[in-house]
Every structure is written in structure tokens, then in C-alpha cells.
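S.K.: Dropping the structure in here first, questions after.
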Amino acid sequence: MGVDRIAGDDAALVLFSGGQDSATCLAWALDRFARVETLGFDYGQRHRIELDCRATLRHGLATIDAAWGRRLGEDHMLGLNALGAVSDTALTRETEIGFEASGLPNTFVPGRNLVFLTFAAALAYRRGIRHIVAGMCETDYSGYPDCRDDTVKALQVALNLGMERRFVLHTPLMWIDKAETWRLAQSLGGRPLTDLIVEESHTCYLGERGARHAWGYGCGQCPACQLRAEGYARFTATD
């Protein structure tokens, strides 16, 4: 498909890390679009093991629903080692997770989501895809400024101006918490999808896959594990 043709409303590109949020976003996209491709980034993240979960999750999603399997298209992986090289954070260095003087957690990777969405738009341009789906969330977001709705809306304007396109950036998790994210997954794919996310997705910032908890694998102590565990507990208590 040439760059002069936009596929319109039938195709989406999902930023797919291998985590709970991106797996839920992929299911959300498969439920809505006729063709869905995925994009992952290797930026030297400490929890790079999340990338090893992507293929299993894609296969699992394709088998949960035959229509999803037909809609699931190509997977793409981009190396962004430069992002990790300029980042001195707890996600790109072996250092204790804590808070900076600014009040932000040191797991914040400056510019990460801005870079991710820019590269996603460049790929979508080449692939003839209009819709870009990402798991940013302003409810359980640890204060990361590049997860805010205002940031995503501003970037959508900039990308459309800079590429002369009409991309739509979708963030289906923006206004829901982790318990509601589990409920969204259940509404999309039932117990098979929530079980798949528990067993095969990765959230832990430390890349720990040894300990199996009710909500999945992880150290159980880092902020990402705590959010996932608390959300799962609220989800199972009511559902």
C-alpha cells in the first residue's frame, strides 16, 4: 500500500509491550478494527523480559476468538537503544526504585511515550494505517507527564501537522484504574482473556518471572506489581 493512500477506519496499530495494559488494548482493537498490527520497542529496558511475552500473547489472543485471529496482522519490533542510553532511570539501570527531587518516580523515562508514538505514526504512515492504540492511563500513571490525556492530544495534533495525515490516537485505558482494566479484558474476552493476561503478560519493573501470584508473575513489591495486584484484588472481590 502506498503512502498516498490512507486505509481509513479499518486498520489499527497497537503499541504492544507484552504487559497487561497493552494486551488489553490489543484485545480492544481486535474487537473494533478489521486489520490490527502490533509494534514493540526494545530500548534497553530493565524488564526486557516483557518482550518475550509478546508472541505467546498474540497467539493466545488469536485463539480466543476466531475473528480476532483473522484480524491480527503483522508484528513489528523497533530497537531504540538511544533512548535507553540517554536515560538514567530505574527502568534502564540497575538502581533502587524511588523518587526524584522533582517528585516523579525514577521509573519515569523522559520522552519515552513521545518517542513511541512518533515512531508508531511513522510506521502507520508507511503501512497505510490511520488508528494508533496505546495504553497510556491518567488514573494509575504514577504521575508520568507523558501519560496524560493532554499530552496525547497535543501529540496527535503535532503528528497530523507534521505528517499531513489524520491519525487518531486511541487510549482506551486513559480514565480507568487497574480493576476496571481487568473488567474491560473480561468484557472483551471473558475468562480465557483474563487467564491469558494473568499467565502470560509481564508487568514487574524488575523483570521478575519466578514468583507466581494470583495476579501473575512478578516481584510483588515494585510499584507496577503493587498496582496490578491491588487492581486484581478489587476485580476479583466484585466479579
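The values are calculated or read from the model by the stated rules, or taken from the named source; none is laboratory data. Fair warning: this is a prediction, and the values are worked out from it, not measured in the lab. No Cβ is skipped: glycine too gets one built from the backbone with ideal geometry, and neighbour counts run over all protein chains shown.
S.K.: Can you spot a residue in segment 88-100 that is under 30 Å from Met163 (Cα atoms), in contact with a Phe, Trp or Tyr (Cβ under 7 Å, 6 or more places away or on another chain) and surrounded by 13 or more Cβ atoms within 10 Å (Cβ to Cβ)?
M.R.: For segment 88-100, residues under 30 Å from Met163 (Cα atoms), in contact with a Phe, Trp or Tyr (Cβ under 7 Å, 6 or more places away or on another chain) and surrounded by 13 or more Cβ atoms within 10 Å (Cβ to Cβ): absent.
S.K.: If you scan segment 220-239, which residues turn out to be under 25 Å from Gly190 (Cβ atoms) and outside any helix (DSSP H, G or I)?
M.R.: Result: Asp239, single match.
S.K.: Going through Ala82, Ala122, Ala154 one at a time, which residue ends up being out of contact with any helix residue (DSSP H, G or I) (no Cβ under 6 Å at 6 or more places or on another chain) and surrounded by 13 or more Cβ atoms within 10 Å (Cβ to Cβ)?
M.R.: Ala122
S.K.: Does Thr139 satisfy the condition of being at pLDDT 95 or above and either of a type in the set (S, T, N, Q) or touching a Pro at 6+ places or on another chain (Cβ under 7 Å) (or both)?
M.R.: In short, no.
S.K.: Also: If I go through segment 104-128 residue by residue, how many of them are small (Gly, Ala, Ser) and at negative phi?
M.R.: 4
S.K.: If you don't mind, there's one more thing I want to ask. From the list Cys204, Cys147, which one is closer than 17 Å to Cys53 by Cα and in contact with a Phe, Trp or Tyr (Cβ under 8 Å, 6 or more places away or on another chain)?
M.R.: Going through Cys204, Cys147 in turn, the sole match is Cys204.
S.K.: Consider Asp149 carefully, then state whether it is of a type outside the set (Ser, Thr, Tyr) and modelled with pLDDT of 95 or more.
M.R.: It is true that Asp149 is of a type outside the set (Ser, Thr, Tyr) and modelled with pLDDT of 95 or more.
S.K.: Look through segment 29-61, keep the residues that are touching a residue at least 24 places away in the same chain (Cβ under 8 Å) and of a type in the set (Gly, Ala, Ser), and return whichever of them is surrounded by the most Cβ atoms within 10 Å (Cβ to Cβ).
M.R.: Top of the filtered list is Ala29.
S.K.: Scan segment 142-158 and report the pairs whose first residue is of a type outside the set (Ser, Thr, Tyr) and whose second residue is surrounded by 18 or more Cβ atoms within 10 Å (Cβ to Cβ) and assigned to a helix (DSSP H, G or I), with Cβ atoms within less than 6 Å and a gap of 6+ or a chain change.
M.R.: Asp146/Asn113; Leu155/Leu117
S.K.: Let me ask you something else. Which numbered condition trips up Val3, out of (1) within 29 Å of Thr107 (Cβ to Cβ); (2) at pLDDT below 95?
M.R.: Evaluating Val3 over (1) within 29 Å of Thr107 (Cβ to Cβ); (2) at pLDDT below 95 leaves (1) as the failure.
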